[in-house]
Structure formats: C-alpha cells, structure tokens
Amino acid sequence: MATQPEATRSINLFFGLLVLGLIVAGIWTWHHLTFDTQDYITEEILPILGGLLVLGVSIWVGTKKWQARKERLQLRDRLLQRFQKEPSAQKRRDLAFTLIEVNQFEVEGLETVSEPMAELFIWTLKTAIGDKQHRIRGMSASYLGILKHQPSIPLLIRALEDDHAHVRACAALALGRMRAQDAKAKLEEKMKEDWDQTVRSRSQEALERIR
C-alpha cells in the first residue's frame with residue numbers, strides 16, 4: 001500500500017501531466033484554427049471571458065471579506081458576553097485587550113463596555129508597576145486613547161514620565177488620539193528631551209494631531 005507522501009506525489013504528478021497535456025493540446029488546436037476564427041476568439045470571446053473572470057474574482061473576494069467580518073463580529077459578541085460575566089479583574093482586562101484587537105482598534109461597537117474597560121486600563125496603569133509589566137502598562141495607555149477616555153488624560157500625562165520608554169511612547173500616542181490640549185506642554189518637552197527616539201517621534205506625532 002502506498003504511503004501518504006507517495007500518494008500525494010502521484011496525484012501531483014498526474015495533475016502536472018494533465019495541465020501540460022492541456023497546454024500542448026490548446027497550442028495545437030490554436031495553430032489549426034483559421035485566421036478568422038483566431039481573430040473572433042481574440043476580439044470577442046477573450047474579452048468576455050476576461051470580464052467574467054474579473055467579476056468572479058470580485059464576487060469571491062467580496063464574499064470572503066463579508067464572511068470574515070461576520071465571523072469577527074460573532075467573536076466580538078461572544079467576548080462581550082464573557083467580559084460582562086467574568087468576575088476576575090485580570091481576566092476582564094485581558095478580555096478587554098482582546099476585544100479591542102478583535103474590533104480592529106476601533107471603539108465603535110464597544111460603547112456599552114467602554115467605561116468599565118477604561119477603568120480596568122486605569123487600574124492597570126496604577127498597579128502594574130515594575131519593568132517586567134511595561135507591556136501591559138503600554139497597552140493600557142494606548143487603548144485608553146482608542147476608547148477616547150477623556151478623564152484618563154491626567155493619568156496619561158503622568159505616564160509620559162514612566163520608567164519604560166515603551167509606556168511613554170504609548171501614552172504619547174494615546175494623548176495624540178484624544179487631541180489632549182492639556183498635554184501639549186509635556187509632549188513638547190518629551191519631543192525635545194526624551195532620550196528614546198520612539199518617544200520623541202510619538203510625542204511629535206501627538207502634537208501634530210493636537211494642533
């Protein structure tokens with residue numbers, strides 16, 4: 001009995017020979033057509049086939065996008081239900097991170113839970129201290145900007161002084177998203193004086209949004 005790899009190779013060889021045979025047959029047939037028939041195929045048939053191919057591809061791509069969006073929204077709804085029922089603060093925060101990512105970093109569709117999510121991000125910024133937790137502090141700062149949570153602006157301004165550059169850069173990004181006028185002076189300072197290039201760049205981008 002043939003093994004799976006051998007069977008696969010046999011199938012691939014068969015289809016390869018079949019395609020080669022079809023190409024050879026097509027070339028032979030084309031050269032034996034009259035010039036009038038060749039012109040008719042070239043000028044009439046091929047454009048129609050090309051249009052049908054483009055239409056078919058467009059429908060296929062559109063269907064794939066629609067299906068992907070449907071699945072994404074279904075996943076978002078399931079995550080929303082889990083978020084609302086989850087008693088653990090840390091698990092709720094992780095679900096909040098996932099929700100924003102599944103929602104393609106947009107607040108639309110998350111309005112019903114945006115306030116409790118923002119509270120979790122604020123709690124994380126205040127309690128997840130230490131260098132090893134810089135990633136979740138940075139995500140919390142950045143996602144507060146996505147939620148456009150105006151009450152968190154003073155906390156984000158303070159986060160511009162975080163020990164880790166990643167957190168400072170995320171805080172600058174969030175302040176820019178919210179066009180926080182109160183942060184202009186601090187962002188100008190960071191743009192000029194922070195030792196980290198990314199923080200300086202994010203601060204400059206934030207200022208450009210605010211202005």
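The values are calculated or read from the model by the stated rules, or taken from the named source; none is laboratory data. As the structure is a prediction and not an experimental result, all values here were calculated from the model. Cβ: placed from backbone, ideal geometry, glycine included. Neighbour counts: every protein chain shown. Protein only, heavy atoms only, side chains kept; ligands, DNA and RNA dropped before computing areas. Shrake-Rupley method; radii C 1.70, N 1.55, O 1.52, S 1.80 Å.
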The range 123-165, residues that are over 17 Å from Leu175 (Cα atoms) and touching a Leu at 6+ places or on another chain (Cβ under 6 Å): none
Hits in the range 152-166 - residues which are buried (at least 22 other Cβ atoms within 10 Å of the Cβ) and not in a helix (DSSP H, G or I): Leu160
Given the conditions (1) touching a helix residue (DSSP H, G or I) at 6+ places or on another chain (Cβ under 7 Å); (2) part of a helix (DSSP H, G or I), report the number of the one that Glu189 does not fulfil. (1)
Filter the range 99-124 down to the residues that are β-branched (Val, Ile, Thr) and surrounded by 15 or more Cβ atoms within 10 Å (Cβ to Cβ) and list them by number. Ile100, Val102, Val107, Val113, Ile122, Thr124
Just a yes or no: is a residue in the range 126-145 of a type in the set (Asp, Glu) and in contact with a His (Cβ under 8 Å, 6 or more places away or on another chain)? yes
Mind checking whether some residue in the range 167-183 is open to solvent by less than 10 Å² (accessible area, probe 1.4 Å) and polar (S, T, N, Q)? no
Checking Ile129 against (1) within 30 Å of Ile157 (Cα to Cα); (2) in a helix (DSSP H, G or I); (3) modelled with pLDDT under 90, which test does it fail? (2)
Does Leu75 satisfy the condition of being out of contact with any strand residue (DSSP E or B) (no Cβ under 7 Å at 6 or more places or on another chain) and either of a type in the set (Gly, Ala, Ser) or at pLDDT below 95 (or both)? no
Qualifying residues in the range 129-151 (those that are surrounded by 14 or more Cβ atoms within 10 Å (Cβ to Cβ) and of a type in the set (Val, Ile, Thr)) - the one nearest to Arg202 (Cα to Cα): Ile146
